[in-house]
1. Place a +1 charge on the Cβ of each Lys and Arg in the range 39-119 and a -1 charge on the Cβ of each Asp and Glu, then give the dipole magnitude about the Cα centre in debye, rounded to the nearest 20.
2. Just to be sure I understand the model, the point goes 7 Å from the Cα along the line to the Cβ. What's the resulting LYS139 to ARG152 distance in nm?
3. Mind counting lysine pairs for me in the chain? Cα separation below 20 Å, and the two need to be 8 or more apart along the chain or on different chains.
4. Using a simple spin-label model with points 7 Å from Cα along the Cα→Cβ vector, what separation in nm is obtained for MET70 and ARG161?
5. Sort LEU130, LEU75, LEU121 by Cβ crowding within 10 Å, fewest neighbours at the top.
6. Okay, which of the range 146-164 sit inside 15 Å, backbone N to the point 7 Å along the Cα-Cβ direction of ARG85?
7. Mind jotting down the distance between the C-alpha centroids of the range 99-123 and the range 65-84, whole Å?
8. So how compact is the chain: Cα radius of gyration and Dmax in angstrom?
Amino acid sequence: MDEDSNNQIAGNTDQTVVVQESVFDSGKEIEKLQVESARVGAVVSFIGVMREFNQSSNVQSMTLEHYPAMTTKSLLKIVEQAKERWGLIRIKVIHRVGEFRPQDPIVFVGVTSEHRGDAFLACEFIMDYLKTQAPFWKKENLVGESRWVDSRQSDEDAANRWNK
């Protein structure tokens, strides 16, 4: 991970959240998740990238804004909820902010557990909650205009399924 003076890092060795502008190295992050635990039987990761196309429009770039103190607190709460629900060993969430171009990586979620089921479920849960509960504001820049992006019902539906 490139060091960035604007990083907000919170958590501990078992559950960490980082909000930063710089690009992360997903391979190195996955390696770090596996280190120091012979209990790890599963590593599941997700990398979200910026799409070029959204809502029938060609998106040139996107800007993600946030309020640092609120964002890290919210991300830690999501990670702690996942840790309470499943038998997890380590969790790492890296969420970037700033300006992005199509195919730029935006978010990394990495989870380790003894068994794959817990890791898959936790990774999916974390992403569903990031999409609906993390305080990020997204603005898409199109040719000649920009627009703020509202939350989607499909994201709300995905997060709501965890409440059943």
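1. That gives the range 39-119 a dipole magnitude of about 260 debye.
2. About 2.2 nm separates the two model spin labels.
3. 16
4. Inter-label distance under the simple model: 2.9 nm.
5. Ascending Cβ contact count within 10 Å gives the list LEU121, LEU130, LEU75.
6. Only 155-164 pass the distance filter.
7. Cα centroid of the range 65-84 versus Cα centroid of the range 99-123: 15 Å apart.
8. 15.9, 54
Read-outs: derived from the displayed coordinates by stated rules, not from any lab. As the structure is a prediction and not an experimental result, all values here were calculated from the model. Reconstructed Cβ throughout: ideal geometry from the backbone, glycine too, with neighbour counts over all protein chains shown.
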